[in-house]
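Let me begin by presenting the structure, written as structure tokens, before commenting on it.
Any read-out appearing in this document is the output of simple, stated calculations on the displayed coordinates, not a laboratory observation. Only a predicted model underlies this, so the values are computations on that prediction, with no experimental measurement involved. All Cβ positions, glycine included, derive from the backbone under ideal geometry; neighbour counts span all protein chains shown.
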Amino acid sequence: MSTIDATPLSPTPRTTLGRSRERGLTDRAALHAILRETLVAHLGVDVGDHPVVLPVAIAVDLDGPDADGTLYVHGSVAARWLTRSDRRTVCVTATLLDGLVVARSGFHHSMNYRSAVVVGEARIVEDPQEKAHALDLTVDHVVPGRSATLRPPTRKEVAATAVLAIPLREASVKVRAGDPVDDDADVEAGAWAGVVPLSTVAASPVSAADSHDDVPADVVSRAAQLGA
């Protein structure tokens with residue numbers, strides 16, 4: 001375990017669990033593991049006249065310039081949600097769904113999950129080197145090692161893309177695992193209860209219509225990692 005993984009989470013009042021505190025984890029290793037596995041997170045921001053929550057691709061730099069590492073998201077420079085996020089508090093939520101918890105009563109139905117919430121003041125990345133690094137990390141988050149095999153982005157592509165950075169300092173982690181927790185009377189009644197396991201599983205890569213069929217090793221490896 002790295003030193004940064006061993007650093008305990010230090011929740012602020014905004015990231016302190018109010019309910020089901022027994023499901024909370026306080027080690028940063030758990031936060032980092034969830035973020036590594038997450039392919040789609042959700043960013044919440046107040047754009048002025050209403051709040052929005054949007055699905056976003058993410059990248060993580062544990063050695064980033066922000067406190068306890070940096071979480072990156074990106075979008076169009078014309079995106080209202082992104083420009084309105086600069087120097088404002090945002091919330092990024094990552095959720096991994098592991099199972100449907102089927103109980104003996106509607107009240108005790110639940111889901112098994114691993115979730116992380118990151119709250120902090122976002123900033124639009126202005127430094128060209130940090131921006132290029134963040135965009136490479138985003139590509140590599142989808143397919144590890146992929147950015148090194150691609151042509152450099154054009155000036156037009158870079159100019160059209162904005163990157164938002166959020167410190168990883170203020171975060172919380174919550175996990176539910178295991179069987180339903182039913183009332184004794186419902187258990188004694190004899191109804192079935194259990195869990196339907198869920199996972200994200202990749203199929204074999206499919207070549208584009210205008211591509212050859214020699215699938216690169218990094219893509220093959222990523223598909224295999226995800227269970228193709």
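The overall shape of the range 79-228, judged from the alpha-carbon gyration tensor, is oblate: a/c is not under 1.5, and a/b is no greater than b/c. Per-residue ellipticity at 222 nm from helix content only, as computed over the chain with -39500 (n - 2.57) for each DSSP H run of at least four residues, stands at -6000 deg cm²/dmol.
Dipole check for the chain: with +1 at the C-beta of Lys and Arg, -1 at the C-beta of Asp and Glu, and the Cα centre as origin, the magnitude is about 560 Debye. At full extension, Thr149 and Thr16 could sit 43.7 nm farther apart than now, given 0.36 nm per residue minus the alpha carbon distance.
Just want to confirm a number: the relative contact order over the chain, from Cα pairs under 8 angstrom separated by 6+ residues, in percent.
Over the chain, the number comes to 24 percent.
Here the simple spin-label model places points 7 Å from the Cα toward Cβ, and for Ala208 and Met111 these points are separated by 3.2 nm. Counted residue by residue at 0.36 nm each, then reduced by the alpha carbon distance between them, the extension gain from Thr26 to Leu97 reaches 23.6 nm. Taking every full run of DSSP H in the chain, the ones that stretch at least 15 Å from end to end by Cα along their long axis and average -0.5 or higher on the Kyte-Doolittle scale are 128-142. Which residue, Val139, Val219, Val52, has the largest displacement toward the positive end of the dipole of the chain when charges sit on each Cβ (Lys, Arg +1; Asp, Glu -1)? Positive-most Cα among the choices belongs to Val52. Of Ala94, Ala185, Ala159, the residue with the greatest mean-square motion in the GNM of the chain, using alpha carbon springs below 10 Å, is Ala185.
Among the trypsin sites (Lys or Arg not before Pro) in the range 1-96, those placed in a DSSP loop whose Cβ has at most 14 other Cβ atoms within 10 Å are Arg19, Arg87, Arg88. Is the shape of the range 1-107 best called rounded, prolate or oblate, per the rule: a/c under 1.5 gives rounded, else a/b larger than b/c gives prolate, else oblate, with a ≥ b ≥ c the square roots of the Cα gyration tensor eigenvalues? Oblate is the answer for the range 1-107, as a/c is 1.5 or above yet b/c matches or exceeds a/b. For the range 60-149, GluC sites (Glu not before Pro) are listed when DSSP marks them as loop and at most 14 other Cβ atoms sit within 10 Å of their Cβ; the list is Glu126.
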